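Heads up: the structure comes next, in structure tokens.
The values are calculated or read from the model by the stated rules, or taken from the named source; none is laboratory data. Nothing here was measured: the structure is a model prediction, and the numbers come from that model. Please note: Cβ atoms are built from the backbone with ideal geometry, for glycine as well, and neighbour counts cover all protein chains shown. Ligands, DNA and RNA are excluded from the accessible area calculation, which covers all protein heavy atoms including side chains. Shrake-Rupley method; radii C 1.70, N 1.55, O 1.52, S 1.80 Å.
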There are 4 protein chains.
Amino acid sequence: MINVAIVGGSGYAGAELARILSLHPEVNLVTMTSRARKGRPVADLFPHLTDLVSLVFEDVDPVGIAAGADFVFTAVPHATAMAVIPELLANGCRVVDLSADFRIHSRAIYEQWYVPHTAPELLAEAVYGLPELHRDRIISARLVANPGCYPTSIILAMAPLLAAGVIDPATVIADSKSGTSGAGRGAGSATQFCEVTDGFRAYKVGDHRHTPEIEQELSLVAGVEMIINFTPHLVPMSRGILSTVYASLVRGCSTVEIAAIYGERYGNEAFVRLCGGDALPATQYVRGSNFCDIGFRVDPRTGRIIVVAAIDNLVKGAAGQAVQNMNLMAGFGEDTGLLTRPLFP
Amino acid sequence: MINVAIVGGSGYAGAELARILSLHPEVNLVTMTSRARKGRPVADLFPHLTDLVSLVFEDVDPVGIAAGADFVFTAVPHATAMAVIPELLANGCRVVDLSADFRIHSRAIYEQWYVPHTAPELLAEAVYGLPELHRDRIISARLVANPGCYPTSIILAMAPLLAAGVIDPATVIADSKSGTSGAGRGAGSATQFCEVTDGFRAYKVGDHRHTPEIEQELSLVAGVEMIINFTPHLVPMSRGILSTVYASLVRGCSTVEIAAIYGERYGNEAFVRLCGGDALPATQYVRGSNFCDIGFRVDPRTGRIIVVAAIDNLVKGAAGQAVQNMNLMAGFGEDTGLLTRPLFP
Amino acid sequence: MINVAIVGGSGYAGAELARILSLHPEVNLVTMTSRARKGRPVADLFPHLTDLVSLVFEDVDPVGIAAGADFVFTAVPHATAMAVIPELLANGCRVVDLSADFRIHSRAIYEQWYVPHTAPELLAEAVYGLPELHRDRIISARLVANPGCYPTSIILAMAPLLAAGVIDPATVIADSKSGTSGAGRGAGSATQFCEVTDGFRAYKVGDHRHTPEIEQELSLVAGVEMIINFTPHLVPMSRGILSTVYASLVRGCSTVEIAAIYGERYGNEAFVRLCGGDALPATQYVRGSNFCDIGFRVDPRTGRIIVVAAIDNLVKGAAGQAVQNMNLMAGFGEDTGLLTRPLFP
Amino acid sequence: MINVAIVGGSGYAGAELARILSLHPEVNLVTMTSRARKGRPVADLFPHLTDLVSLVFEDVDPVGIAAGADFVFTAVPHATAMAVIPELLANGCRVVDLSADFRIHSRAIYEQWYVPHTAPELLAEAVYGLPELHRDRIISARLVANPGCYPTSIILAMAPLLAAGVIDPATVIADSKSGTSGAGRGAGSATQFCEVTDGFRAYKVGDHRHTPEIEQELSLVAGVEMIINFTPHLVPMSRGILSTVYASLVRGCSTVEIAAIYGERYGNEAFVRLCGGDALPATQYVRGSNFCDIGFRVDPRTGRIIVVAAIDNLVKGAAGQAVQNMNLMAGFGEDTGLLTRPLFP
């Protein structure tokens, strides 16, 4: 049994952490912070947690948090995270950071896409928290950088093919579609119901900040520096990301061969499900769960492969994966508290 | 540990039962039947259950089912249920029936709203499975008639006020709104996405079959025969029922007094949450959970009270309540396997 | 051909006015104002109007507006409207006000539900702009108070029955459901997509500001002072209001008799459609149009009638009705520019 | 004034044709057919057309239709269309066919993707009805093959770049997303509301029948035979297609240069709107209108261009474009009856 705190509990990722942790058999959720909401009961902001989470939002006080908690999830925006994490670590906490602050190994690349880094001394230590790729290093990490939602779906889709050397790393195009919860609860007029429903749009075409994170991890797998196209889109639904990823095969590959590559890589993974037969992933089949569903088609006409991956952006793309990382770090079963079934319909 | 079968597993209620039971620590789900889908894996029809439910749909064979199962959930349409339940009981199963066949105590009233009853000898034995009203009788029942979705929300909203005698039984008007999953998976062109989305409508105004069931239970509580208005509406969402129920107060009642009536009745109920302060229920706060959230307003201008109740129609309105009944019948903790938190957003 | 200005053009009602007026054969749309957006092209804020409305938002300057426009639509919040309208009238404009400022004839009642009135001298002159009830007075009015969206649906539903004396005025309960555009574009976190979709809720139960407006108009028709229950709800869709209104019949009435009452009243109305046979209104069948669809059921079991009315809240509930009023005031055909067909699906 | 018939009026495209034609100042809509619905009023099936379309569905009788109509829209499935069109032509009608039967010039390719062709003698005569590409031939055509919805968006997005020779024809990848109305009204369980809402999925990856039609038209523009990747997806909304199309630039091109290419090509087109500045298309801004909105980004990192195009699949992707074709054929103004503004929100 460990004591856990959530720094930045008033957003969707924070609430989702609370939802999951409130049922985790090895966790005692002791603190949730929110500068803007301090003093208000969590259930006031999130009525679905009425009778389930009885905490009151507290101000952010790293020393006080560290006094009561063994593990801390930081679910605050980038820049805010790196301002508070050093003190949490210094006071003995282990941290899973849901922001982007420690995902990029290169300070220069981080600063090119984000802001000046205020805790660069921690970059070398931080582990990129995708268990399917970096499980061993996560187990012993003090600071885990929880992956972005889009990158989780794209990296899991592409890593086996790049590792197997069957696709040309220069040809990867990731066309991703996300539900609106990815924009956060504090979002403004662009995510008003009337602006989003009945519509579909691309946004940040060519310059979304998840690009360098995807390129970093795929490059590590491929063994060459990769540059990709990544285009995010906004879907009129709350939860879910579906990424359709294109790449040119370096040689003729059969469906059976590709299926074997995925099976070998993910056959023992608790949270990756491979679509068999004619099936393809759909976000409604993973909603509320920590699963990443993956399917693919080989197109002999063009010599390309099309891989489709679906996750719940708030679970495998955020809070669920963060708990998966905590489970590894704390020595719990990797799926502890994460068995919730997808909610369909 | 008990062995459980689901008769009629290809609809939304059946799938929801499978979802809940797949995590129930005291249940072994051994059989799911579907005449139309026999021989097909359950996960083919319900991809969200991939890797979670490995059963293959079987044909309906009461004797065979009874040989392997202690408890049976019948999630088939009315008329079909009463055709199979007598044999299940005769072979030693205990049954929770999700159809309407055993909800109405009066054969005449059943036949007036439905069809000729083919197992009237069981009507006296069947217990109306609303635990908050009939817990004691459910515990020892052999056959429990799981309430309809609309009735669950309306009866829970009105029972305390009728029992306390503060409202006029002749003035009850229930205006209910339901997500589309209530219409079932096999539904036709009227529940196509394009027909439902961006729209809102009333249907079966004045002649919905849930009317006699609501009247039966409210009459029992009130001690007088009640006739009500019940108007169902279709909301462009999958899950959720919100009922807005109006009644005239027989005398001036304060908000505090009414809150006390509800608190006394439901204070110890695991699955009823009372809204405090200015809060009112909303379906998004109960989605995926077995909760019924209840709030109200006293309107001194008109002397009426407006009670609002929200449930997930597939959980507290169907599969969840059915498992709650099974838990009572089997001697498990009433909330065993039903702790899933509401999924929001 | 007349010159028209829209004061307060940055909200949904303002944009809808621009959409309709851009096709009106007798109107020259010369000015749209927005204090917050002045200097920005209208099409920047409303990309759907690209190439269709080439205006740039201007600051609010009543004298300048009056110099260029014969008619002005004020689509600003209450209190703001009454601050600008007197000067517009003084400078020779005729005004259709979409706010609530001039809907309530009684200053005392207005101030009880809203704020102190700053132009009470105009209350006696202002005409309540529901053409089906007040056409004659609208034609010659200088200032028309465009009805609220909910009131339009409820008053049109009830007026014929009250005028015919077949229902008891003390028993009217209006349960209304609205799409989210009614909350306006500037709305905050409560109308974020993730908060609204997949959910249904009641709000402002017992104290919504449209209540006195409905009571005023129904009382005028009934000839007695009426107090009603009015409960608004929020539907996960952009446009549309459906009101389900209950009342006790004072005597047994047949469906045919009630249909005749509606037919007599609305048979010649261009924008009221009566549902025949088994049909009932649905918001998706009026979306984008100026229609109000009305249907009903007589319930002999309870002696009540249930009337269902559907409108598009932004058209018949706001901008369309405002143009209908302008057409009457300007002597155009009442349906000029308003023939757009409902957009389904 | 011409007399017009719709063969196959019970689907969404047929209803949309009726909606548009009911307001067309030069058209007299005389007949709508539906084998399955003959004898039923059109407004029974499509309540939004109540009081607007008073026709009753008739059986399909080519000779009878030709006796009363100058122009016929065939909005029936492929195979059915080519069974009825020869007789309509032989009896003097001019035809706009909304099916795929006459879109593919090569009989062999048609038969490879569809079924054996039963009217191959008409393939050479039929004109592919994309006015922006084939206006001159449409004007004098007897038989126009109205383009598919996906192809309209993709061809309009790519044609200017291929004609200008700035992209490599071998690198085109079209990732398209469509609302559910594209699946038609008669669709089955896969398009039930509960299966579609809250979800997003790819379908027919690598083998959608619109592929050869896109390739045919792009090849004609490029002057080389092209093979592309085309991946359709299903969005939880009724109307709208957004296509995100990727291609490698053959040389460094500036945004200004690409904008000039589009401006030159589409500057005078009534129904193509080019997004300026930072804007990108979104389906909600074209809904209900005949517009195709196009925007793009040059990505210097990868040397690719990403073009985004949005249409309403039922208007520019079906009925609206069909009327645009009829206008050209009949010598009316190309935008006659097509000025309806996009409905937002």
* Out of all the residues in the stretch A:200-214, which are out of contact with any Gly (no Cβ under 7 Å at 6 or more places or on another chain), open to solvent by less than 40 Å² (accessible area, probe 1.4 Å) and either more than 11 Å from chain D (Cβ to nearest Cβ) or among the β-branched types (Val, Ile, Thr) (or both)? -> A:VAL205, A:HIS208, A:THR211, A:ILE214
* Report, ordered by the first and then the second residue, all pairs with beta carbons closer than 7 Å, sequence separation of six or more or different chains, a first member in the stretch D:210-233 that is without any contact (Cβ under 8 Å) to a residue 12 or more places away in the chain, and a second member that is surrounded by fewer than 18 Cβ atoms within 10 Å (Cβ to Cβ) and β-branched (Val, Ile, Thr). => none
* Sort through C:ILE155, C:ILE104, C:ILE138 and tell me the only one that's farther than 14 Å from C:VAL221 by Cα, open to solvent by less than 10 Å² (accessible area, probe 1.4 Å), in contact (Cβ under 8 Å) with a residue 60 or more places away in the chain and assigned to a helix (DSSP H, G or I). => C:ILE138
* Asked: For D:LEU242, are the conditions met, namely being over 17 Å from D:GLY11 (Cα atoms) and either within 7 Å of chain A (Cβ to nearest Cβ) or among the polar types (S, T, N, Q) (or both)?
  -> yes
* Asked: How many residues does the stretch C:158-194 contain that are more than 17 Å from C:PRO232 (Cα to Cα), in a helix (DSSP H, G or I), of a type outside the set (Val, Ile, Thr) and within 14 Å of chain B (Cβ to nearest Cβ)?
  -> 5
* What single numbered condition from (1) open to solvent by 40 Å² or more (accessible area, probe 1.4 Å); (2) within 13 Å of another protein chain (Cβ to nearest Cβ); (3) not hydrophobic (A, V, I, L, M, F, W, C) fails to hold for B:SER254? -> (2)
* **Single residue of the stretch B:29-75 satisfying the filter (among the small types (Gly, Ala, Ser) and in contact with a helix residue (DSSP H, G or I) (Cβ under 7 Å, 6 or more places away or on another chain)) that is farthest from B:GLY186 (Cα to Cα)** => B:ALA66
* Structure fact -> D:TYR114 vs (1) free of Cβ contacts under 8 Å to residues at least 12 places away in the same chain; (2) surrounded by fewer than 22 Cβ atoms within 10 Å (Cβ to Cβ): all pass except (1)
* In the list B:GLY188, B:GLY223, which residue meets the criterion of being open to solvent by 30 Å² or more (accessible area, probe 1.4 Å), at pLDDT 95 or above and over 19 Å from the mean Cα position of the chain (by Cα)? -> B:GLY223
* Asked: Picking from C:GLU269, C:GLU217, which residue would you name as being touching a strand residue (DSSP E or B) at 6+ places or on another chain (Cβ under 9 Å), more than 7 Å from every other protein chain (Cβ to nearest Cβ), of a type in the set (D, E, K, R) and surrounded by 24 or more Cβ atoms within 10 Å (Cβ to Cβ)?
  -> C:GLU217
* To do: Please verify whether the stretch B:191-199 includes one or more residues that are touching a residue at least 40 places away in the same chain (Cβ under 8 Å), surrounded by fewer than 24 Cβ atoms within 10 Å (Cβ to Cβ) and either of a type in the set (Asp, Glu) or farther than 18 Å from C:ASP175 by Cα (or both).
  => no
* Does B:ALA260 satisfy the criteria of being open to solvent by 10 Å² or more (accessible area, probe 1.4 Å), out of contact with any Gly (no Cβ under 6 Å at 6 or more places or on another chain) and more than 10 Å from chain C (Cβ to nearest Cβ)? -> yes
* Spans of strands (runs of 3 or more DSSP E) in the stretch B:260-345 with at least 3 residues of a type in the set (A, V, I, L, M) -> B:304-311
* Condition check for A:ALA81: modelled with pLDDT under 95 and of a type in the set (Gly, Ala, Ser) -> no
* Conditions: (1) within 24 Å of D:PHE102 (Cβ to Cβ); (2) crowded, with 24+ Cβ neighbours inside 10 Å; (3) in contact with a helix residue (DSSP H, G or I) (Cβ under 8 Å, 6 or more places away or on another chain). D:LEU161 meets all but one. Number of the miss? -> (1)
* Asked: Any idea which of A:GLY64, A:GLY129 is under 20 Å from A:GLY14 (Cα atoms) and either under 22 Å from the mean Cα position of the chain (by Cα) or in the same structural domain as A:GLN216 (by TED's automatic domain parsing) (or both)?
  -> A:GLY129
* Residue count for the stretch B:121-135, restricted to those that are surrounded by 15 or more Cβ atoms within 10 Å (Cβ to Cβ) and not in a loop (DSSP other than H, G, I, E, B) -> 8
* Looking at the stretch D:274-314, which of the residues that are away from chain A (no Cβ under 14 Å) and surrounded by fewer than 24 Cβ atoms within 10 Å (Cβ to Cβ) is farthest from D:PHE230 (Cα to Cα)? -> D:GLY276
* To do: Return a yes/no flag: does the stretch C:226-248 have any residue that is more than 30 Å from A:PRO47 (Cβ to Cβ), open to solvent by 10 Å² or more (accessible area, probe 1.4 Å) and either assigned to a loop (DSSP other than H, G, I, E, B) or touching a helix residue (DSSP H, G or I) at 6+ places or on another chain (Cβ under 9 Å) (or both).
  => yes
* B:ALA43 of a type in the set (Gly, Ala, Ser) and closer than 27 Å to B:ALA119 by Cα -> no
